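Q: Next up is a structure, given as structure tokens.
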Amino acid sequence: MIICNCILHIDLPYVQSLKGRRSVTNSMKEKLKSFNLSVLDLSGEYAKEADIAFVFLSPNSLKSAQYREKIEKMLEKNFSEYYFNLEYEEI
């Protein structure tokens, strides 16, 4: 069994306030929850950046990679106006 811990770093160049950032991160968190993940917003005080952490279980590393790829495709499709970077660690 593989535990995959991911951190999604997001640049939000068009967001002007913390309220705007929260709107974007809440929308992303709802979309991510459809993948049956545990999701947490780790964002700081700067409105133009956000960090979202999520964790999921997988039977092996191949399935984990496929699942991550599926999540990245969903993010690119639904949030293409934002630049994001996904870091992950498998345990």
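The values are calculated or read from the model by the stated rules, or taken from the named source; none is laboratory data. Everything numeric here is computed off the predicted structure, so don't read it as measured data. For neighbour counting, all protein chains shown are included, and Cβ atoms are generated from backbone atoms with ideal geometry for every residue, glycine included. Accessible surface is based on the protein model in full, side chains and every heavy atom, while ligands, DNA and RNA are left aside. Shrake-Rupley method; radii C 1.70, N 1.55, O 1.52, S 1.80 Å.
Q: Could you check how much of the accessible area of region 23-67 is carbon and sulfur, as a whole percent, using a 1.4 Å probe?
A: With neighbouring chains kept in place, the figure for region 23-67 is 50 percent.
Q: Still on this structure: Using Cα atoms only, what is the angle between the long axis of helix 18-33 and the major principal axis of the chain, expressed in degrees (0 to 90) to the nearest 10?
A: Between helix and principal axis, roughly 20 degrees.
Q: Grab the Cα-Cα distance for L18 and Y83, subtract it from 0.36 nm times how many residues apart they are, and report the gain in nm with one decimal.
A: 21.6 nm
Q: Tell me the GluC sites (Glu not before Pro) within region 7-91 that lie in a loop according to DSSP and have at most 11 other beta-carbon atoms within 10 Å.
A: Sparse-neighbourhood loop GluC sites (Glu not before Pro): E45, E81.
Q: Looking at the chain, what % of the alpha carbon pairs are farther apart than 19 Å?
A: 36
Q: Next up: Give, rounded to the nearest 20 debye, the magnitude of the charge dipole that the chain has about its Cα centre when Lys and Arg contribute +1 at Cβ and Asp and Glu contribute -1 at Cβ.
A: I would put it at about 400 debye.
Q: Okay, moving on. Just reorder M28, M74 by solvent-accessible area, largest first, 1.4 Å probe, all chains present.
A: M74, M28
Q: With n ≥ 4 as the cut-off for DSSP H runs, can you work out [θ] at 222 nm for the chain, using -39500 (n - 2.57) per run divided by the number of residues, rounded to the nearest 500?
A: -12500 deg cm²/dmol
Q: Then there is this: Does anything in region 1-32 have its amide N under 19 Å from the 7 Å Cα→Cβ label point of L57, and if so which residues?
A: Inside the label zone: 1-6.
Q: Pairing the Cα long axis of helix 61-78 with the longest principal axis of the chain, what angle in degrees results, from 0 to 90 and rounded to the nearest 10?
A: 30
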